[in-house]
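See below for the structure under consideration.
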Protein chains: 2
Amino acid sequence: MENVEFCRKADQLKPVLYKEEIDFPGSEKILKEGEEIIFDLGNHYVGHVDIDFGTVGRHPDAPLYFEIQFAEIKEELSYDSSSYHGWLSKSWIQQEYIHLDNLPGSISLPRRYAFRYVRIRVLSTSPNYDVYIKGLRVHSETSADDKKVKRYSWSEKDRLLDDISIRTLRSCMQEVFEDGPKRDRRLWLGDLRLQALANYETFQNDDLVKRCLYLFAGHPLEEGRLSSNIFLYLEEEADDQPMFDYALFFIDTLWDYYSHTGDKETLEELYPTAYRQFVLSSSCIDENGSVDEAKAGRVFVDWNFELDRNVSALGIYIYALKDLLKMARELNKDTKAIEDEIARRSLDALKLYDEREGFFVSGEKKQISWMSQIWMILSGVIDEEKGNAVLERLSKRKNAVGMNSPYAYHHYIQVLIDLGRKEEAYQKMHEYWDGMIERGSSTFWELYDPKDPVASPYGGLVVHSFCHAWSCTPAYFLRKYFKDKEIRD
Amino acid sequence: MENVEFCRKADQLKPVLYKEEIDFPGSEKILKEGEEIIFDLGNHYVGHVDIDFGTVGRHPDAPLYFEIQFAEIKEELSYDSSSYHGWLSKSWIQQEYIHLDNLPGSISLPRRYAFRYVRIRVLSTSPNYDVYIKGLRVHSETSADDKKVKRYSWSEKDRLLDDISIRTLRSCMQEVFEDGPKRDRRLWLGDLRLQALANYETFQNDDLVKRCLYLFAGHPLEEGRLSSNIFLYLEEEADDQPMFDYALFFIDTLWDYYSHTGDKETLEELYPTAYRQFVLSSSCIDENGSVDEAKAGRVFVDWNFELDRNVSALGIYIYALKDLLKMARELNKDTKAIEDEIARRSLDALKLYDEREGFFVSGEKKQISWMSQIWMILSGVIDEEKGNAVLERLSKRKNAVGMNSPYAYHHYIQVLIDLGRKEEAYQKMHEYWDGMIERGSSTFWELYDPKDPVASPYGGLVVHSFCHAWSCTPAYFLRKYFKDKEIRD
């Protein structure tokens, strides 16, 4: 049941959005029926839009009927929306059909969009007149304060990587840290954790992190398990579907928040919620990392459908417990149960290491994947030396199951840094994220597989989120680990 | 050029609309993707609409995408809008595609519609939820004051005919007398003349007639010729296409206005405009009724494309001149030029009477039509006895070109009354207008041919106006000529 006090705190922390009006010039191109024009606004925006129509010819004697589509990347516009029959609701396609009665004139569209491209296609005018676009006005909205961001004299490619990361985070910072402002426009715990890390290094809107922590803690599911995500409209409500790993990440997100802010009051208040996730998770995962998904919800880890998630789940569990332990110590709580569990589960985890293969193997089929190795190293189950050896082998292993989301890649970069392979981390980070930049994007994506850049687990890229917060962490890595690049380049 | 003073007067007379909120219950019917519901609101409304959506299932996790269509008659809903390729702009189809982000919730549609039926079809929800319609709210808008209308204890069929006429007029009475609130939503002179007649007998909004007269006089075309119609949005502007007969009807509309109100100041002020139409028309019509349409615009008379309009044009010209003469006398102006023109043109007209046929014949093909006979009789070129003889012959003549609009039928009914054939007028009026009632309509139409009720000069009835002001005159006839019916039935 809802924790009224926590919800009240979350509500009090609701940010006032920074709103900025940006005028874009239109075009003199005359649009007859069936003709269209595409505007590239040069950057990604989240907000409302006004379109100013001019007319040529005689007095308009019938309404204008037009189609307008907003797109985050240009490829979305070449996708025939009517052919989309994927499993995500097609209502996410940012495409409208609109009548405008009074011409020449402006229309203020009532919905919020996430976009860099705007396509306007005229469906019907009348023999009396044609139209052209006099201008567009974007009412950009964000809870990110641009003035807080310190920029560095990095190389051009670092600055670009940083700018796009920051733009991605900025567009996702609304009344909460949204996962993606195009879709789902919701607060997800897994995304929040990474957004918060990037936020501390850039926009420093610590209250927004705090608000999101209270939103989760304020809307627990049965037995106090946290949901994977919170719906914001019409009223805040926890999604009734938890996720095993996301619930655990509440612990890490809270610990990161405290580490950054020193806000002990919040730590104390939310510690029981964090501890509860440990208690609930402990009974849902066995010694092989197999999770009782009926109770704890599915284990996400990455979008890759092939991935066997057992080893990753165990790694995430231990990883979270280590942050919980730090909290318990900070608050002078009894730590024994946590310590015992870490020790016991670490032994379980080590049993999943296949000496012959030299890898952690997951599930009955003993699958070897990148994510399994990464989470085992991040959890500290194996030491740096062994971790390095595993990674070395992994980079030569051809059929290991890979990663397809920036969310997964974040953990890969982090592991490289943790293992002291900073330069490799830097190279791999650029290699992966620069791929999206090379495709002309001004934000980073929910999904990106360099081997198959337009792959869609949803059945069509028109519903993809191309500004997805969990991909914003290069801004975090650059600032936290590569500030020295400022001098070098 | 615009007459600033006249425009100012028109502007001062702009009515405040009567607004009424009417709540309609929704339905418990659950709408899944692809499913629809049709609401019959029982009467015709003009105004804005709110739709209140309820949801069932889990928390909505994607916007609702739905289609909504407003229809004046039910047949419109069975027409596939995408198949409409007629010559009227398809932007008149009252059909929208809308995303609603916040559910459950209400949406207030931004446009005004004219409708009795509302169809809502769900295009996309998500596996999480389905919707139902909790209710509809109509914000009805009109400049007609219902309290001004006197009702009579007529027979059921007279009351029905009267009610529907009044509803038609009411829906068309907005900031001007619109021709049709669905389409074109404009002020047309030919329609105004008949609306004004019905208005004097019912809503008595004399100022609205005055406003419309000043709007026409305030926006003359070249040389002072009046346009056939005035655009209202974004700014008032005369359509650059005059119509010969409509310009002349300014004279009659002004005279009717004065006859009803005794407002001599307006008569005096607008007499020069009326007189100017006579002067301009006189040079554009020859002795056979052939009009120089390049100068004076086309001659409308009726929607019937077969009709040869020469005789009708001459009849309308003489008819208008006779009202101009009454004005001139009332204002003690010199009447000689008008009298001479009436005499000369009446002689011309009589030459078009074919003694052998016993009809006025129009054009090179000597076409015999209802409208030619009707306008010759209305203009008084032939006397009552001869008029009666012509009508008798006409009713037996099989291949005479007929009428297909209530606008034309109005003149037929008027001619029957003028010739003392009141009972026949009453029967014919019912016969014609009752046909629309029998088709379930709660308003009268722009077009109605009893022999071919779904005929469309536009290439599809989905763009037809089924609430069209020029069809509202039964309320005028009943009150002006058939009040005695109150006693009889």
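Taken together, the values in this text are just the output of simple stated rules run on the coordinates, not laboratory data. Note that the structure is a prediction, hence the values are computed from the model and not measured. Note that we place each Cβ from the backbone using ideal geometry, even for glycine, and neighbour counts take in every protein chain shown.
List of remarks:
- Against the main long axis of the alpha-carbon atoms of chain A, helix A:422-438 sits at an angle near 20°.
- 10 Å Cβ shell holding at most 10 others, DSSP loop, GluC sites (Glu not before Pro): longest site-free stretch of chain A: A:29-234
- Antiparallel %, DSSP beta bridges [both residues in the protein assembly as shown], to 5: 95 percent
- Taking amide H atoms as placed 1.01 Å from N in the peptide plane, the amide H of residue A:31 lies under 5 Å from those of A:131, A:132, each 5 or more residues away in sequence or on another chain.
- Cross-link pairs exceeding 22 Å in C-alpha to C-alpha distance, out of B:157/B:480; A:210/A:485; A:365/A:428; A:157/A:485, comprise A:210/A:485; A:365/A:428.
- Taking each residue as 0.36 nm, the span from residue A:344 to residue A:423 lengthens on full extension beyond its C-alpha to C-alpha distance by 25.0 nm.
- Hz values of 3J(HN,Hα) by residue in the stretch A:319-325 - Karplus curve (6.51, -1.76, 1.60), Gly and Pro given as x: 4, 5, 5, 5, 6, 4, 4
- Across peptide B:432-445, the average count of Cβ atoms from other chains found within 10 Å of a residue's Cβ is 0.
- Helical mean residue ellipticity (222 nm; -39500 (n - 2.57) per DSSP H run of 4+; nearest 500) of chain A: -12500 deg cm²/dmol
- For the stretch A:128-215, the Kirkwood hydrodynamic radius from C-alpha pairs, put into Stokes-Einstein at 10 °C and a viscosity of 1.306 mPa s, yields a diffusion coefficient of 109 µm² per second.
- Per the axis that maps chain A onto chain B, nearest residue of A (Cβ criterion) and its distance in Å: A:97, 2
- Calculated label separations, residue B:155, copies of the chain, 7 Å along the beta-carbon direction, nm: 9.6
- Computing FRET efficiency as 1/(1 + (r/R0)^6) for residue A:85 and residue A:389, where r is the C-beta to C-beta distance and R0 is 41 Å, gives about 0.30.
- The alpha-carbon of residue A:326 sits under 18 angstrom from the alpha-carbons of these lysines, leaving out residues fewer than 8 places away in its chain: A:264, A:336.
- Label-to-label distance, nm, for residues given as residue B:241 and residue B:295 (7 Å Cα→Cβ offset): 2.1 nm
- Centre-to-centre, using Cα atoms only, the stretch A:161-187 and the stretch A:219-293 are separated by 21 Å.
- Hypothetical label at residue B:22: residues of the stretch B:43-61 whose amide nitrogen lies under 19 Å (7 Å Cα-Cβ projection): B:43-52
- Kirkwood-based Rg to Rh ratio, chain A, C-alpha trace: 1.01
- Residue A:123 long-range amide H proximity, modeled H, under 5 Å: A:34, A:65, A:66, A:67
- Over the protein assembly as shown: Rg over Rh, Cα atoms, Kirkwood Rh: 1.14
- When both the stretch A:2-54 and the stretch A:391-467 are represented by their alpha-carbon centers, they are found 29 Å apart.
- Exam field: residue B:451 pseudo-label spacings to other copies (7 Å along Cα-Cβ), nanometres: 7.6
- Calculated FRET value between residue B:366 and residue B:111, using beta carbons and R₀ = 56 Å, to 0.05: 0.70
- 5 angstrom amide H check on residue B:234, placed H, neighbours 5+ away: A:103
- Average partner coverage of A:92-102, which counts Cβ from other chains inside 10 Å: 5
- Rounded to the nearest 5, the antiparallel percentage of DSSP beta bridges internal to chain A is 95%.
- Potential lengthening between residue A:331 and residue A:41 on full extension [0.36 nm per residue; Cα-Cα distance subtracted]: 99.4 nm
- Partner chain coverage, peptide A:104-113 - average Cβ within 10 angstrom: 2
- Here's the list of aspartates and glutamates a cross-link from residue A:351 could span, going by alpha-carbon distance under 14 Å and ignoring same-chain residues fewer than 8 apart: A:286, A:287, A:364.
- Computed lengthening from residue A:4 to residue A:159, 0.36 nm per intervening residue step minus Cα-Cα distance: 51.4 nm
- Shown for residue A:358: label points 7 Å from Cα along the beta-carbon vector, and their distances to the equivalent points in the other copies, 11.6 nm in ascending order.
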